[in-house]
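Here's the structure, in structure tokens; my notes come after.
The values are calculated or read from the model by the stated rules, or taken from the named source; none is laboratory data. Every value quoted in this text rests on a predicted model; they were computed, and no experiment measured them. We place every Cβ from the backbone using ideal geometry, glycine too, and count neighbours over all the protein chains shown.
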Amino acid sequence: MSIRFGTSGWRAVIADEFTFAGVRKVTEAICTHFDSTAHANYPMVVGHDTRFLGERFAAECADIVSANGFRALLCSAPTPTPAISHAILTESAVCGINFTASHNPPEYSGMKLSTSDGAPALPEITRHVESLILEPRASTYQTGRSETGKTNYETYSPRLAYLADLENKINFEVIADAAGRYAFDPLWGTGRGYLDEALRRHGLEVETIHDWRDVLFGGRSPEPEVSHLEELRALVLSKRCALGLATDGDGDRFGVIDSNGAFIKPNQLIAVLFDYLAESRNWSGGVARSVATSHLVDRVAVKRGLPVFETPVGFKYIGELINEDKIILGGEESAGLSIKGHYPEKDGILACLLAAEAVAARGASLTEQLNALYAQVGRLESGRIGVRSTPELMLSVSEKLRRDVGDIGGRQVEKTNRIDGVKFIFADGSWLLMRPSGTEPLVRIYAESESAKDLEVLLEQGRKYLLG
């Protein structure tokens, strides 16, 4: 069995490649990497989402962590990824291990490794862990249990401390003064009791749907994208809510429905929130976006005279800029976002609360704010499609990503960017990006243009180039 870490850790299908044997191997390798002789009795935080067997996998991991000489803190309930990041920092943990496959389909599980700063582990760390998995070693399995059969790990709840920390990041007084009604869809995931509780604590009315554990997530991926939020949209309209808010399976991604029922795309919300934070907070710094994220945020940065940092796909790279205090906000088109002074990890709960704050503070819906932004910097339309990967396609893709191209579909390439995959930037500012997904067996094609019609043309030209 080959175990590889992608953009957000190791993910695989439960009972196929993701097994207890695999979990033990990965946990042993992580413990070896961090070396308990150098970090004796240091904490490791172990958590899980709401997926099938999540609590069992996490307990197995915590046993091995304890047997390797670390202090294992096992989260007592399904826990959002950002809450685990906060726990790593507050407990001075050497790392965190989270059993989650995030937004992947329900048959998947995964292990996400975070370092002592609360950020996703960088590639040099995960590559070393991968190499250690291949090395034969004596297993510590079961030796973490005492003679009475009791475990040596500690159960731990990061919930209250995380919610308290949000009080320092969000202006809840402004939200409370606006007295709006909110709808929330955690998609059966770990956002339950976090995002809705944060608002209710300030006297706000929140109606939560899918507020129970369903390991099948309603029979689809727990991803807060437009086609999965029809029930939330209906609730927003019927209850006249200020916003409909959603988080994915592990709470690190966001989805937002405006009061008029419109789905606000992640690219759009990132630009609006960057503009709002630059206006409302007296912060220095610029904005970071992945290579796949809309250049709308670049236009906002130009308007405000602030720098833009472009990164490969993977929030760990944006997290480094947060740690270096270089940015006000960092975001990815896949609905990941964090801000200055927060953790170097995606936080969908934080993003949703910032959206509520922006609407309350400005007295304008997100649609109104977005249209005002378009009037100042111009409109951009962005989108993506996925092409199912095969061994033959991957060979072709690898060759095409290395090839210099003069034009795509007759459209002249002005600049080629290979920071992650290959991004063709055209003279009119439109662009096309192709890269293998780090979380799913897909090749993703991203594009952006000033018109929705041209966006469709660009995506089709990218598909033809990829498959041609």
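Within the range 426-449, the set of residues being of a type outside the set (Gly, Ala, Ser), outside any strand (DSSP E or B) and in contact with a Ser or Thr (Cβ under 7 Å, 6 or more places away or on another chain) comprises Thr439, Pro441. Against the test of being of a type in the set (A, V, I, L, M, F, W, C) and closer than 30 Å to Glu173 by Cα, the options Leu373, Leu442 yield a single qualifying residue, Leu373. Just one of the listed residues (Ser66, Ser76, Ser36, Ser2) is outside the structural domain of Ser116 (by TED's automatic domain parsing) and over 18 Å from Pro120 (Cα atoms), and it is Ser2. Quick check: anything in the range 88-102 under 24 Å from Pro123 (Cβ atoms), within 24 Å of the chain's Cα centre (by Cα), modelled with pLDDT under 95 and in the same structural domain as His128 (by TED's automatic domain parsing)? The answer is yes, given that some residue of the range 88-102 is under 24 Å from Pro123 (Cβ atoms), within 24 Å of the chain's Cα centre (by Cα), modelled with pLDDT under 95 and in the same structural domain as His128 (by TED's automatic domain parsing). Scan the range 413-432 for residues that are buried (at least 17 other Cβ atoms within 10 Å of the Cβ), over 20 Å from the mean Cα position of the chain (by Cα) and in contact (Cβ under 8 Å) with a residue 60 or more places away in the chain and the total you get is 2.
Please tell me if Phe70 is buried (at least 24 other Cβ atoms within 10 Å of the Cβ) and farther than 27 Å from Gly191 by Cα. Yes: the conditions hold for Phe70. Being surrounded by 24 or more Cβ atoms within 10 Å (Cβ to Cβ) and of a type in the set (Val, Ile, Thr) holds for only one residue in Ile322, Ile328, Ile385, and it is Ile322. Restricting Gly363, Gly314, Gly341 to residues that are surrounded by fewer than 23 Cβ atoms within 10 Å (Cβ to Cβ), small (Gly, Ala, Ser) and farther than 25 Å from His86 by Cβ narrows the list to Gly363.
The residues in the range 41-53 that are surrounded by fewer than 24 Cβ atoms within 10 Å (Cβ to Cβ) and either at pLDDT below 95 or not aromatic (Phe, Trp, Tyr) (or both) can be counted, and the count is 4. Listed by position, the strands (runs of 3 or more DSSP E) enclosed by the range 1-107 that each have at least 2 residues that are of a type in the set (Val, Ile, Thr) and under 26 Å from Asp165 (Cβ atoms) are 43-48.
Among the residues of the range 157-183, those that are under 22 Å from the mean Cα position of the chain (by Cα) and among the charged types (D, E, K, R) comprise Arg159, Asp165, Glu167, Lys169.
Just a yes or no: is a residue in the range 299-309 within 28 Å of Glu230 (Cα to Cα), assigned by TED's automatic domain parsing to the domain that holds Gly348 and not hydrophobic (A, V, I, L, M, F, W, C)? Checking the range 299-309: not a single residue is within 28 Å of Glu230 (Cα to Cα), assigned by TED's automatic domain parsing to the domain that holds Gly348 and not hydrophobic (A, V, I, L, M, F, W, C).
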